[in-house]
């Protein structure tokens with residue numbers, strides 16, 4: 001498994017170049033970023049050289065097509081998706097991810113029908129470039145009631161939805177926080193096949209009842225109560241060998257990026273070391 005970063009939890013890092021260089025400095029092998037921005041800034045050849053010279057790959061990029069709102073907004077975003085997919089493939093990044101809010105103000109049935117069709121279209125476009133789409137279920141209890149009508153927040157329902165979408169290149173973005181807030185166990189992970197997992201996020205949670213854990217108040221790996229040893233060990237056992245990217249969404253912290261990256265590195269050293277992942 002590759003040690004990865006998102007920009008969540010690493011403080012203020014300006015350019016993608018600085019982001020990549022700092023990731024390498026602190027022992028990370030992957031970064032999640034926008035491939036279009038990186039190529040626009042540096043050109044393709046220089047972008048590839050920047051990544052290769054630092055021993056870093058692009059782990060995934062975010063799906064920026066608005067599939068949750070109107071049909072017009074969705075259609076307007078499709079050309080930019082093809083551009084992003086082409087850019088990602090040129091950097092040998094073959095993972096794109098998006099999250100599923102657990103509720104909506106729209107009628108749930110019509111929202112899910114439209115979302116299924118739209119994500120199938122997204123998957124078809126990404127598939128033309130060899131890219132997989134990862135869907136992240138969001139388990140935080142307070143978000144389940146933030147909007148009027150509940151939709152999907154469990155791994156089981158997300159897997160069922162992926163089956164309904166019906167595209168071979170769609171799978172899970174598995175986040176340890178949402179695994180925790182769903183009350184799932186290592187046994188649930190051991191039932192998965194590695195090809196069902198597109199991407200992985202890691203973070204930790206405060207020692208609170210699960211229904212009181214807040215989505216944007218996360219801890220760094222090893223600082224909280226999530227069984228990260230079991231989480232990583234289970235992924236290793238089923239044969240997952242992809243990126244495990246830190247995503248620590250939390251209130252602003254008045255610390256430098258180097259301090260936060262050192263904290264991140266220490267967390268990975270501890271969690272990965274417990275299960276023998278180098």
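Its DSSP H runs of at least 4 residues, each contributing -39,500 (n - 2.57), put the calculated 222 nm mean residue ellipticity of the chain at -13500 deg cm²/dmol, to the nearest 500. Only bridges whose two residues both fall in the range 36-183 count here: according to DSSP, what percent of them are antiparallel, nearest 5? Restricted to the range 36-183, the bridges split so that about 15 percent are antiparallel.
Taking the alpha carbon gyration tensor of the range 235-278, multiplying each eigenvalue by 5 and rooting it gives semi-axes of 25, 12, 8 Å, largest first.
If you plug the beta carbon distance of residue 148 and residue 216 into 1/(1 + (r/R0)^6) with R0 = 25 Å, you get a FRET efficiency near 0.75. Take every DSSP beta bridge whose two residues both sit in the chain; close to 10 percent of them are antiparallel. Can you give the Rg/Rh ratio of the range 136-214, where Rg is from the C-alpha atoms and Rh is the Kirkwood radius? Value, to two decimals: 0.97. Orientation-averaged projection of the chain equals 13.7 nm² [convex hull of Cα atoms, one quarter of hull surface area].
Of interest is the spacing of the C-alpha centroids, which for the range 201-232 and the range 135-166 amounts to 19 Å. In the range 94-185, the ratio of gyration radius to Kirkwood radius, Rg to Rh, stands at 0.97 when only Cα atoms are counted. If the segment from residue 208 to residue 45 were pulled out straight at 0.36 nm per residue, it would be longer than the present Cα-Cα gap by 53.9 nm.
Every number in this text was worked out from the coordinates using simple rules, so none of it is lab data. Computed from a prediction, not measured in an experiment: that's the story for all the values here. Cβ: placed from backbone, ideal geometry, glycine included. Neighbour counts: every protein chain shown.
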